[in-house]
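What follows is a single structure, written as structure tokens, with notes after it.
The values are calculated or read from the model by the stated rules, or taken from the named source; none is laboratory data. Please read all numbers here as calculations on a predicted model, not as lab measurements. We place every Cβ from the backbone using ideal geometry, glycine too, and count neighbours over all the protein chains shown. What goes into the accessible areas is simple: the full protein's heavy atoms, side chains included, and nothing from ligands, DNA or RNA. Shrake-Rupley method; radii C 1.70, N 1.55, O 1.52, S 1.80 Å.
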Amino acid sequence: MSAGILYLHGFCSSPESWKATLLGDAMRARGLADRFFCPALSPVPNEAIAQAENILHSQNGPLTLIGSSLGGFYSTYLAEKHDLRAALINPAVVAPLSLNAYIGTQTNLHTGETFEFTAGHIEQLRALECSAITPERYLLLVETGDEVLDYRQAVARYAGCRQEIFPGGDHSFTRFPDLLPQLFEFCRL
């Protein structure tokens, strides 16, 4: 079986995000629609990890993780646990700390569904933190204009990893379309 991609979206996002849609379209154009996975992740961290692991365990061929924002945090945990490669896009490096401000009712940006984000969810995120990473398994892509997360935290956390740091931009990672060829190369597609 050929290689594929498991894309993990960010907090309050969904498979309808512009990066997920663009990546899915590019995989279809390459004839690899059946090797692209992008689940609608649960807002409950343990459930989101279980969803991703169910996909990982169901595949015969290798999958590379691509994680955006909170999906980057999840991708780091999964890459270390399952010996996988991961491309991280403006990742949430200190998710338990940065998401603490979001405890309460949240609304999915794409579906409009509301959910309660709780202190218990923060504790689940703390349990997913990796004390050490394996630098050679990562590609870090950040834009310095990220208005949600401090890109310098990601640069420091993933020191020693392959890094691409772009001036300007924003949390959505505006250069994503231009970097698809580089992502496909990293994913060995």
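For SER13, SER75, give the ranking by accessible area with the largest first, probe 1.4 Å.
Correct descending sequence by accessible area is SER13, SER75.
Quick one: which residues, 5 or more positions from GLU143 or on another chain, have an amide H under 5 Å from its amide H? H modelled 1.01 Å from N in the peptide plane, none for Pro or chain starts.
ASN90, PHE166
Would you kindly find the accessible area of TYR151, with a 1.4 Å probe and non-protein molecules such as ligands, DNA and RNA excluded, rounding to the nearest 10 Å²?
60 Å²
About the Cα centre of the chain, how large is the charge dipole given +1 on each Lys and Arg Cβ and -1 on each Asp and Glu Cβ? Please answer in debye to the nearest 20.
480 debye
When the helix-only estimate is applied to the chain (DSSP H runs of n ≥ 4, each -39,500 (n - 2.57), divided by the residue count), what is the mean residue ellipticity at 222 nm, nearest 500 deg cm²/dmol?
Details: 7 runs with 65 residues, N = 189.
The helix contribution divided over the chain gives -10000 deg cm²/dmol.
Quick one: Cα centre-to-centre distance for segment 41-58 and segment 131-154, in angstrom?
Cα centroid to Cα centroid, the span is 22 Å.
Can you work out ³J(HN,Hα) from phi for every residue in segment 13-20, in order, using Karplus 6.51 cos²θ - 1.76 cosθ + 1.60 and θ = phi - 60°, giving whole Hz and x for Gly and Pro?
After applying 6.51 cos²θ - 1.76 cosθ + 1.60, I find 9, 6, x, 8, 4, 5, 5, 4 Hz.
Skipping prolines and chain starts, which residues have an amide H placed within reach, meaning under 5 Å, of the one on GLN163, given they are 5 or more residues away or on another chain?
When sequence neighbours closer than 5 places are left aside, the close amide H contacts are LEU140.
Given the options ILE5, PHE186, ALA119, identify the residue whose Cα lies farthest towards the positive end of the charge dipole of the chain (+1 on Cβ of Lys, Arg; -1 on Cβ of Asp, Glu).
PHE186
Based on the mean of other beta carbon atoms within 10 Å per residue, what is the order of 124-131, 62-69, most packed first?
The packing order, highest mean first, is 62-69, 124-131.
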